[in-house]
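The values are calculated or read from the model by the stated rules, or taken from the named source; none is laboratory data. No experiment lies behind these values; they were computed from the predicted model shown. Methodologically, a virtual Cβ is constructed for each residue, glycine included, from the backbone with ideal geometry; neighbour enumeration extends over all protein chains shown. When the accessible area is computed, the model is the full protein with side chains, heavy atoms only, and any ligands, DNA or RNA have been set aside. Shrake-Rupley method; radii C 1.70, N 1.55, O 1.52, S 1.80 Å.
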Amino acid sequence: MKIKLLLSAAFLTAFSFTAFAQSSFDAKFQKMMTEGFRAEGIAGLDRIKQDETQKFCSDPKLMNTKQGAAKAIEIQKLNMASIVQPADGKYIGDWKNGEAIAQSGRGATWTDKPDTINGGGCYNCHEINKKEISYGNLGPSLWNYGKDRGYSQEVMVYTWNRINNSKAYNACSNMPRFGHFKLLTQEQMQDVMALLLDPQSPVNQ
């Protein structure tokens, strides 16, 4: 009985210390975030407020546990449920507009005007065209995206969901949640879809 009590006491002490350490870390992190950023132009401090997904992905110790693996699935379901399919039922827009959106990194920064049209900045993380001499490699190549995968409804819905909110498939994906945070409009996302899935798009040549 004494051993059980001692073990229980030790567990509670360790748990309390861990909780205190985490709380202390969270407080320091929040202080750093609050003091390290300032509102400027259209960029307000509301941007440093994390939602449940962002908080989870900022805690590597939790992510790498069984509890974290279960939480990741919960986070993915939460993000999947937030995705809205095209109101007009159309997934494919104009690939020429989509190409301009993919190659634009403007919008939503403190140097932009409120009426600046957001770009997708896709080139920062993906190869889009084999003719490009500079592109990011954080994400997979998008060259021949539709040609390799086909143009089925299933592929279109999956691609729409990925552009809209990639965390529906990978809780801590590095890809921006373009639809979730309204970084791109529905029409813009349809145009990016066309860049990837219109057979006439240079991506699929």
From the set of residues in the range 27-47 that are surrounded by 13 or more Cβ atoms within 10 Å (Cβ to Cβ) and either aliphatic (A, V, I, L, M) or at positive phi (or both), which is modelled with the lowest pLDDT? 33
Return yes when residue 204 is open to solvent by less than 70 Å² (accessible area, probe 1.4 Å) and on the phi > 0 side of the Ramachandran plot and no when it is not. no
Go through the range 128-167 residue by residue and tally those that are touching a residue at least 12 places away in the same chain (Cβ under 8 Å), out of contact with any helix residue (DSSP H, G or I) (no Cβ under 7 Å at 6 or more places or on another chain) and assigned to a helix (DSSP H, G or I). 2
Check on residue 118, in a helix (DSSP H, G or I) and either modelled with pLDDT of 95 or more or farther than 27 Å from residue 44 by Cβ (or both): no
Out of 93, 107, I need the residue that is touching a residue at least 40 places away in the same chain (Cβ under 8 Å) and touching an Asp or Glu at 6+ places or on another chain (Cβ under 6 Å). Which one? 93
Filter the range 184-205 down to the residues that are β-branched (Val, Ile, Thr) and not in a loop (DSSP other than H, G, I, E, B), then identify the one that is farthest from residue 118 (Cα to Cα). 203
Of all residues in the range 56-100, which are under 15 Å from residue 186 (Cα atoms), open to solvent by less than 80 Å² (accessible area, probe 1.4 Å) and of a type in the set (A, V, I, L, M)? 83, 92
Is it true that residue 72 is hydrophobic (A, V, I, L, M, F, W, C), closer than 24 Å to residue 168 by Cα and not in a loop (DSSP other than H, G, I, E, B)? yes
